[in-house]
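K.L.:
Got a structure for you, questions after.
Only the coordinates and a few stated rules stand behind these numbers; no lab work does. Source: prediction; values computed, not measured. Neighbour counts are summed over all protein chains in view; Cβ atoms, including those assigned to glycine, are modelled from backbone coordinates with ideal geometry.
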Ligand SMILES: [Zn+2]
């Protein structure tokens, strides 16, 4: 038999919303805006020796996906990983194509 006791949990801070540092729009982590809040980029820059940001300085920005795309979109490269199942499928297709060409 298991005996149960009432456990009191200390209150903890839970993220409720996030504000874009560029457009200043606030997105709740709850409801329909939750997906938007999850797509935020949270960038931290740690300046090292010789950094333009200052040695030992730490800078941060929270930016919504829309502003991030608008500002950085033209510099982004698609580096979507090829999953092993996709790779196996591609190899199988290549082998099939190789067999047909002979
Ligand atoms: Zn924004």
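K.L.:
Applying the selection to segment 68-96, what residues are part of a helix (DSSP H, G or I) and under 16 Å from residue 41 (Cα atoms)?
P.N.:
68, 69, 70, 71, 72, 73, 75
K.L.:
Of all residues in segment 53-71, count the ones that are without any contact (Cβ under 8 Å) to a residue 24 or more places away in the chain and within 16 Å of the chain's Cα centre (by Cα).
P.N.:
Selection size over segment 53-71: 2.
K.L.:
Something else about it: Kindly check whether there is at least one residue in segment 67-90 that is in contact with a strand residue (DSSP E or B) (Cβ under 7 Å, 6 or more places away or on another chain) and surrounded by 12 or more Cβ atoms within 10 Å (Cβ to Cβ).
P.N.:
Taking every residue of segment 67-90 in turn, at least one turns out to be in contact with a strand residue (DSSP E or B) (Cβ under 7 Å, 6 or more places away or on another chain) and surrounded by 12 or more Cβ atoms within 10 Å (Cβ to Cβ).
K.L.:
When the residues of segment 1-52 are filtered to those that are free of Cβ contacts under 8 Å to residues at least 40 places away in the same chain and in contact with a helix residue (DSSP H, G or I) (Cβ under 6 Å, 6 or more places away or on another chain), which remaining residue is farthest from the ligand (Cβ to nearest atom)?
P.N.:
29
K.L.:
Still on this structure, I have one more. Return yes when residue 74 is free of Cβ contacts under 8 Å to residues at least 24 places away in the same chain and closer than 26 Å to residue 17 by Cβ and no when it is not. Before you say what the answer is, go through the steps one by one.
P.N.:
On the way: free of Cβ contacts under 8 Å to residues at least 24 places away in the same chain: yes; closer than 26 Å to residue 17 by Cβ: no.
So residue 74 does not fit the description; no.
K.L.:
Return the residue satisfying two criteria in turn: it lies in segment 35-52 and is in contact with a strand residue (DSSP E or B) (Cβ under 7 Å, 6 or more places away or on another chain) and in a helix (DSSP H, G or I), and of such residues it is surrounded by the most Cβ atoms within 10 Å (Cβ to Cβ).
P.N.:
By that ranking, first place goes to 37.
K.L.:
Just to verify a result, which residue in segment 1-19, among those that are part of a loop (DSSP other than H, G, I, E, B) and closer than 30 Å to residue 66 by Cα, is nearest to the chain's Cα centre (by Cα)?
P.N.:
In this case the residue turns out to be 15.
K.L.:
When you check residue 55 against the structure, is it exposed (fewer than 11 other Cβ atoms within 10 Å of the Cβ), more than 16 Å from the ligand (Cβ to nearest atom) and assigned to a loop (DSSP other than H, G, I, E, B), yes or no? Steps first, please.
P.N.:
On the way: exposed (fewer than 11 other Cβ atoms within 10 Å of the Cβ): yes; more than 16 Å from the ligand (Cβ to nearest atom): yes; assigned to a loop (DSSP other than H, G, I, E, B): yes.
Yes, satisfied.
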